[in-house]
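Participant: The structure that follows is given in the form of structure tokens.
Read-outs throughout are calculated quantities, based only on the coordinates presented, and are distinct from any laboratory measurement. What you are looking at is a predicted structure, and each value in this text was computed from that prediction instead of being measured. Virtual Cβ from ideal backbone geometry, glycine too; neighbours counted across all protein chains shown.
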Amino acid sequence: MNDSSTPGARRILVLGGTGTIGRATVAALVGRGHEVICIARPKAGSGGKLTQEKTARLLQGAEVRFGDVTDPAFLAEQVFHDQQFHAVVSCLASRTGEPQDAWAIDYQAHMDVLSLAKEAGVTQMVLLSAICVQKPRLVFQHAKLAFEKALIESGLTYSIVRPTAYFKSLAGQVARVKQGKPFFLFGDGKLTACKPISDADLAEYLADCLQDVSLQNKILPIGGPGPAITPLEQGEYLFSLLGRTPRFKSVPASFLSGVATFLDWVAKIAPPLAAKAELARIGHYYATESMLVLDTETGLYDADATPETGTDTLFEYCRRLIDGSETADRVDYDLF
Ligand SMILES: NC(=O)c1ccc[n+]([C@@H]2O[C@H](COP(=O)([O-])OP(=O)(O)OC[C@H]3O[C@@H](n4cnc5c(N)ncnc54)[C@H](OP(=O)(O)O)[C@@H]3O)[C@@H](O)[C@H]2O)c1
């Protein structure tokens, strides 16, 4: 079953390989000698900007099967028909978090793959989820939780990885601050904290799950190297890097909940706006909830209880963005 001569190498089906964490994960898996097969849309990437050629280049070292992951017939006839996989690694997720898309992707597409994988004798799955599902308030969180439950009950060896915040979600203000604009905050900038994790560090952790039994049959909250930082600290650090006096622009977090309430009300006569109301709720959630392990007894977020992995820090990443040694892919600054 395994063509590779690397010890421990396996044949892995990757979902969501064209996303931020998916790209890094494909690179990590290929780097470890695994045989990697990815499912990708013919027009992939944020806004469908990646052609098949670009996707193939992006996922170098992996075989790409182009098609629709939401189509069970494609999965059965073009993916599982001629291949036996040892494991599925999924970084697949709705790009918008809008309710219909979240249920179609985070839940249903995963359910279809799980069912076919089981039938085909796959024994292991590594799922990229999100730490925020520990306090579910949003539709996409419920969709993710529903699939997490199905995976746990499936009988497959599973690793459900729930990371904290990604660099791309936090570094979106570097360019505006560099241009002399103020750093944007909700409230006093201390409403939330997180231990940011880099794409590469998270990818290595996902790859570890395939081989490290201590990471299997578990739900794994995971952050990057500590300490936990607040948005205010991020802003202060950015200004110190630039040698400028800190300038902040603050908006009350209640603004976003007000927008959601207003859009819910307007959606009664214009139903498409219901999805936009959910996006405002997502914004409010991230403005007010920390991406750290939640202590269910106290109801408080606990930085010390949030496991860490890797070495790359958000501060170092910001330093690289500012000195130009790294460029952010602006196209990928999605909401979450
Ligand atoms: N951002 C954060 O700070 C953060 C923190 C913790 C956890 N998370 C979670 O991490 C996960 C992945 O994040 P990410 O930033 O790597 O995601 P991403 O960049 O948005 O990538 C999503 C992947 O899913 C695929 N996909 C989405 N909709 C699809 C559809 N209809 N059909 C086929 N493929 C589809 C995308 O393919 P295309 O390229 O074709 O669109 C892409 O490969 C999400 O579950 C998110 O909730 C995020």
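Participant: Has region 171-182 got any residue that is away from the ligand (no atom under 12 Å from the Cβ), farther than 23 Å from R320 by Cα and of a type outside the set (A, V, I, L, M, F, W, C)? Even if it seems obvious, please write down each step before you answer.
Facilitator: The initial filter retains those residues of region 171-182 that are away from the ligand (no atom under 12 Å from the Cβ), namely 173-182.
From the residues that got through so far, the ones that are farther than 23 Å from R320 by Cα too are none.
Within region 171-182, none of the residues are away from the ligand (no atom under 12 Å from the Cβ), farther than 23 Å from R320 by Cα and of a type outside the set (A, V, I, L, M, F, W, C).
Participant: Same structure, new question: Within the group E326, E278, which residue is crowded, with 19+ Cβ neighbours inside 10 Å, within 23 Å of the chain's Cα centre (by Cα) and farther than 19 Å from T230 by Cα?
Facilitator: Details: E326 fails: crowded, with 19+ Cβ neighbours inside 10 Å.
It is E278.
Participant: Turning to a different aspect of this structure: Pairs please, first residue from region 90-110 and touching a residue at least 24 places away in the same chain (Cβ under 8 Å) and hydroxyl-bearing (S, T, Y), second anywhere and more than 8 Å from the ligand (Cβ to nearest atom) and outside any loop (DSSP other than H, G, I, E, B), Cβ atoms under 6 Å, 6+ apart in sequence or on different chains.
Facilitator: Pairs found: S90/L127; S94/A102; Y107/A143; Y107/A146; Y107/F147.
Participant: Quick check, is L128 among the hydrophobic types (A, V, I, L, M, F, W, C), more than 10 Å from the ligand (Cβ to nearest atom) and closer than 20 Å to I37 by Cβ? Even if it seems obvious, please write down each step before you answer.
Facilitator: Numbers: among the hydrophobic types (A, V, I, L, M, F, W, C): yes; more than 10 Å from the ligand (Cβ to nearest atom): no; closer than 20 Å to I37 by Cβ: yes.
So L128 does not fit the description; no.
Participant: Which residue out of T288, T311, T306, T296 is within 20 Å of the chain's Cα centre (by Cα), within 21 Å of T164 (Cα to Cα) and more than 16 Å from the ligand (Cβ to nearest atom)?
Facilitator: T311
Participant: So how many residues does region 1-23 have that are more than 16 Å from the ligand (Cβ to nearest atom), within 20 Å of F80 (Cα to Cα) and touching a residue at least 40 places away in the same chain (Cβ under 8 Å)? Step through it out loud before you land on a result.
Facilitator: Pass one, region 1-23, residues more than 16 Å from the ligand (Cβ to nearest atom): 1-11.
Within this subset, residues satisfying the condition of being within 20 Å of F80 (Cα to Cα) are 1-4, 9-11.
Filter once more, so that each one left must be touching a residue at least 40 places away in the same chain (Cβ under 8 Å): 1-2, 10-11.
Number satisfying all stated conditions: 4.
Participant: Then there is this: Restricting to region 64-99, give me the number of residues that are more than 16 Å from the ligand (Cβ to nearest atom) and not aliphatic (A, V, I, L, M).
Facilitator: Keep residues of region 64-99 that are more than 16 Å from the ligand (Cβ to nearest atom), which gives 76-77, 80-87.
Filter again for not aliphatic (A, V, I, L, M), leaving 77, 80-86.
Matching residues across region 64-99 total 8.
Participant: Is it true that some residue in region 54-65 is in a strand (DSSP E or B) and either among the hydroxyl-bearing types (S, T, Y) or surrounded by 18 or more Cβ atoms within 10 Å (Cβ to Cβ) (or both)?
Facilitator: yes
Participant: Would you pick out the residues in region 201-210 that are in contact with a helix residue (DSSP H, G or I) (Cβ under 6 Å, 6 or more places away or on another chain) and within 13 Å of the ligand (Cβ to nearest atom)?
Facilitator: Matches in region 201-210: L202, A203, L206.
Participant: Going residue by residue through region 94-112, is there one that turns out to be under 21 Å from V30 (Cβ atoms) and small (G, A, S)? Outline the logic, then answer.
Facilitator: Restricting attention to region 94-112, the residues satisfying the condition of being under 21 Å from V30 (Cβ atoms) are none.
No, there is no match, as no residue in region 94-112 is under 21 Å from V30 (Cβ atoms) and small (G, A, S).
Participant: Also, I was wondering about something else. If I filter region 24-53 down to residues being out of contact with any Asp or Glu (no Cβ under 6 Å at 6 or more places or on another chain) and among the charged types (D, E, K, R), which single residue comes out as nearest to the ligand (Cβ to nearest atom)?
Facilitator: Per the stated criteria, the residue is R41.
Participant: Anything in region 66-86 that is surrounded by 16 or more Cβ atoms within 10 Å (Cβ to Cβ) and touching a Phe, Trp or Tyr at 6+ places or on another chain (Cβ under 8 Å)? List them, or say none.
Facilitator: Of everything in region 66-86, just one residue is surrounded by 16 or more Cβ atoms within 10 Å (Cβ to Cβ) and touching a Phe, Trp or Tyr at 6+ places or on another chain (Cβ under 8 Å), namely G67.
Participant: Condition first: among the acidic types (D, E) and within 16 Å of the ligand (Cβ to nearest atom). Can you find one or more residues in region 192-200 that meet it?
Facilitator: From region 192-200, those among the acidic types (D, E) are 199; that's our starting set.
Imposing the further condition that a residue be within 16 Å of the ligand (Cβ to nearest atom) reduces the set to 199.
Looking through region 192-200, at least one residue is among the acidic types (D, E) and within 16 Å of the ligand (Cβ to nearest atom).
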